[in-house]
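**Student:** I'd like to ask you about the structure that follows.
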Amino acid sequence: MSESPVKYHLGKFPPQDIDWERLIPLIGPTNAALARYDGLLSAIPNAHILLSPLTTQEAVLSSKIEGTQVTMGEVLEFEAGNVSEEITQPKRDDAEEVLNYRKAMQGCIQELKSRRFSQHLLRSAHLELMKGVRGRDKSPGNYRKEQNWIGPKNCPIEEAGFIPIPPEHLQQGMDRWEQYFNDKTQPDAIVQLALLHLEFEAVHPFMDGNGRLGRMIIPLFLYHRKLLQSPDFYISAYFEANREEYQQRLREVSSKDSWTEWSIFFLKGVKEQALENEQKARNILSLYEKTKEKVINLTHSQHAIPAVDYLFTAGIFSTPQFTKNSGIPKPSTARILTILKNNNIIEPLRPGRGRRPGIYAFGKLINIAEGKTVF
């Protein structure tokens, strides 16, 4: 006999019975790891531009949790216009989802510079997230008006693993969630974030896209509360590596009131990812300094630094994209690209022929972002 679905913990958010004694030994080290990472971010000029490959990788991993199969390299190739036969239509659709995630994130960052976090901002991000992709017919930007459930694909509600908040309580639940998001009186902001992420996933306010949006909330909260100088925090790798425990911990909050256990799991994840993010950011910064010095010496050009900045922003790009987005005059771009290619700083993925532009990859950067050798 199969277990009956776990139902949403109506009336129990925010929880009143967190066991702070169990959390305190984790809170200090987690905040310290995050502060060290933030210190590095504040030392990096244009951190959000320099770390944009990590933002793309986070979008890839966050979408992968939802079932997409596309890699970071394939997303960047797709964006560069290298639509080869190897990138099938399903992968193109997956790439669109990843690019939407990035656009939605960037839109939120701009909004948060001038206003506080709100449900309106959340719904706008959802609208951007669902543009032209799976779920675009499921009322993007609007809360659901019917019951949804979480479980194996196409399963009936009786076989679901979890049943989120009923639609008649949804708006009240999201009002309470928004109020808690903007409450600055909580004992610890990272524990507050743990509860916010969990509650959003448990309410599951939209018909589709809740997982991606729930993960996006994490860096946005850290940025909004000035725990990070820029919203470059990437946690999906931890959730993906611990997927079964992640889902179990979420369910057990509703079935067993295990708020403390969930918070322990989340704090460990933030600490682990802060350390990993810091190492990747250091590796990118080191690569940036070495590449900048090398390109200045090789090109003897006033355009050397804009060229290097563009390599780090794009990762994979076409010749016209390089010319247009680097701000370097066309005659100089041809010369610089030739030097970069001849010195193995970039590698051609597709040679330019006739009207078809060449596509190039900055492989060392992608390898750091992916955490493995791809190029």
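**Student:** Do you know which residues across the range 332-352 are out of contact with any helix residue (DSSP H, G or I) (no Cβ under 6 Å at 6 or more places or on another chain), over 26 Å from THR71 (Cα atoms) and either modelled with pLDDT under 90 or among the β-branched types (Val, Ile, Thr) (or both)?
**Tutor:** Selection gives THR338 alone.
**Student:** If you go through the range 114-142, how many residues are under 17 Å from SER63 (Cα atoms), in contact with a helix residue (DSSP H, G or I) (Cβ under 7 Å, 6 or more places away or on another chain) and not in a loop (DSSP other than H, G, I, E, B)?
**Tutor:** 4
**Student:** Given the options LEU213, LEU222, name the one that is of a type in the set (A, V, I, L, M), farther than 15 Å from TYR143 by Cβ and out of contact with any Ser or Thr (no Cβ under 7 Å at 6 or more places or on another chain).
**Tutor:** LEU222
Let's see how each residue does on (1) of a type outside the set (D, E, K, R); (2) surrounded by fewer than 18 Cβ atoms within 10 Å (Cβ to Cβ); (3) under 21 Å from the mean Cα position of the chain (by Cα):
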site: PHE266; (1), (2), (3): yes, no, yes
site: ILE284; (1), (2), (3): yes, no, yes
site: THR299; (1), (2), (3): yes, no, no
site: PHE312; (1), (2), (3): yes, no, yes
site: GLY327; (1), (2), (3): yes, yes, no
site: PRO331; (1), (2), (3): yes, yes, no
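**Student:** Sort through LYS294, LYS324 and tell me the only one that's of a type in the set (D, E, K, R) and at pLDDT below 95.
**Tutor:** LYS324
**Student:** Just one of (1) at pLDDT below 85; (2) within 23 Å of ASP232 (Cα to Cα); (3) of a type outside the set (D, E, K, R); (4) surrounded by fewer than 21 Cβ atoms within 10 Å (Cβ to Cβ) trips up PRO53, so point out which.
**Tutor:** (4)
**Student:** Among the listed residues PHE322, PHE317, identify the single one that is outside any helix (DSSP H, G or I), over 30 Å from ASN31 (Cβ atoms) and either assigned by TED's automatic domain parsing to the domain that holds GLY363 or within 18 Å of the chain's Cα centre (by Cα) (or both).
**Tutor:** Going through PHE322, PHE317 in turn, just one is outside any helix (DSSP H, G or I), over 30 Å from ASN31 (Cβ atoms) and either assigned by TED's automatic domain parsing to the domain that holds GLY363 or within 18 Å of the chain's Cα centre (by Cα) (or both): PHE317.
**Student:** Name the residue, out of GLU178, GLU111, that is touching a residue at least 40 places away in the same chain (Cβ under 8 Å), surrounded by fewer than 19 Cβ atoms within 10 Å (Cβ to Cβ) and part of a helix (DSSP H, G or I).
**Tutor:** Answer to the selection: GLU178.
**Student:** A follow-up question, please. Out of (1) touching a helix residue (DSSP H, G or I) at 6+ places or on another chain (Cβ under 7 Å); (2) in contact (Cβ under 8 Å) with a residue 60 or more places away in the chain; (3) not charged (D, E, K, R), the odd one out for VAL70 is which?
**Tutor:** (2)
Results for (1) over 23 Å from LEU365 (Cβ atoms); (2) under 18 Å from the mean Cα position of the chain (by Cα); (3) among the β-branched types (Val, Ile, Thr); (4) not assigned by TED's automatic domain parsing to the domain that holds ILE218, shown as yes or no for each residue.
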{"position": "THR55", "(1), (2), (3), (4)": "no, yes, yes, no"}
{"position": "ILE65", "(1), (2), (3), (4)": "yes, yes, yes, no"}
{"position": "THR68", "(1), (2), (3), (4)": "no, yes, yes, no"}
{"position": "ASP94", "(1), (2), (3), (4)": "no, yes, no, no"}
{"position": "GLU111", "(1), (2), (3), (4)": "yes, yes, no, no"}
{"position": "ARG123", "(1), (2), (3), (4)": "yes, yes, no, no"}
{"position": "HIS126", "(1), (2), (3), (4)": "yes, yes, no, no"}
{"position": "VAL133", "(1), (2), (3), (4)": "yes, yes, yes, no"}
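**Student:** Scan the range 219-248 for residues that are without any contact (Cβ under 8 Å) to a residue 40 or more places away in the chain, in a helix (DSSP H, G or I) and not aromatic (Phe, Trp, Tyr) and jot them down.
**Tutor:** Within the range 219-248, ALA241, GLU244, GLU245, GLN248 qualify.
**Student:** Filter the range 342-364 for residues that are under 18 Å from GLY73 (Cβ atoms) and among the basic types (Lys, Arg); which is surrounded by the fewest Cβ atoms within 10 Å (Cβ to Cβ)?
**Tutor:** For the range 342-364, the residue satisfying everything is ARG350.
**Student:** Considering only residues of the range 136-148 that are within 24 Å of the chain's Cα centre (by Cα) and surrounded by 14 or more Cβ atoms within 10 Å (Cβ to Cβ), which is nearest to ASP94 (Cα to Cα)?
**Tutor:** Among residues in the range 136-148 that are within 24 Å of the chain's Cα centre (by Cα) and surrounded by 14 or more Cβ atoms within 10 Å (Cβ to Cβ), the one nearest to ASP94 (Cα to Cα) is ARG136.
**Student:** Would you mind telling me which numbered condition in (1) free of Cβ contacts under 8 Å to residues at least 60 places away in the same chain; (2) in a strand (DSSP E or B) LEU349 fails?
**Tutor:** (1)
**Student:** May I pose another question? HIS169: modelled with pLDDT under 95, farther than 16 Å from ILE65 by Cα and either assigned by TED's automatic domain parsing to the domain that holds ILE24 or buried (at least 22 other Cβ atoms within 10 Å of the Cβ) (or both), yes or no?
**Tutor:** no
**Student:** If you don't mind, there's one more thing I want to ask. Please find, among PHE206, PHE200, the residue that is aromatic (Phe, Trp, Tyr), in a loop (DSSP other than H, G, I, E, B) and either surrounded by fewer than 19 Cβ atoms within 10 Å (Cβ to Cβ) or under 20 Å from the mean Cα position of the chain (by Cα) (or both).
**Tutor:** Of PHE206, PHE200, the one residue that is aromatic (Phe, Trp, Tyr), in a loop (DSSP other than H, G, I, E, B) and either surrounded by fewer than 19 Cβ atoms within 10 Å (Cβ to Cβ) or under 20 Å from the mean Cα position of the chain (by Cα) (or both) is PHE206.
The values are calculated or read from the model by the stated rules, or taken from the named source; none is laboratory data. As the structure is a computational prediction, the values presented were derived from the model and not from experiment. Methodologically, a virtual Cβ is constructed for each residue, glycine included, from the backbone with ideal geometry; neighbour enumeration extends over all protein chains shown.
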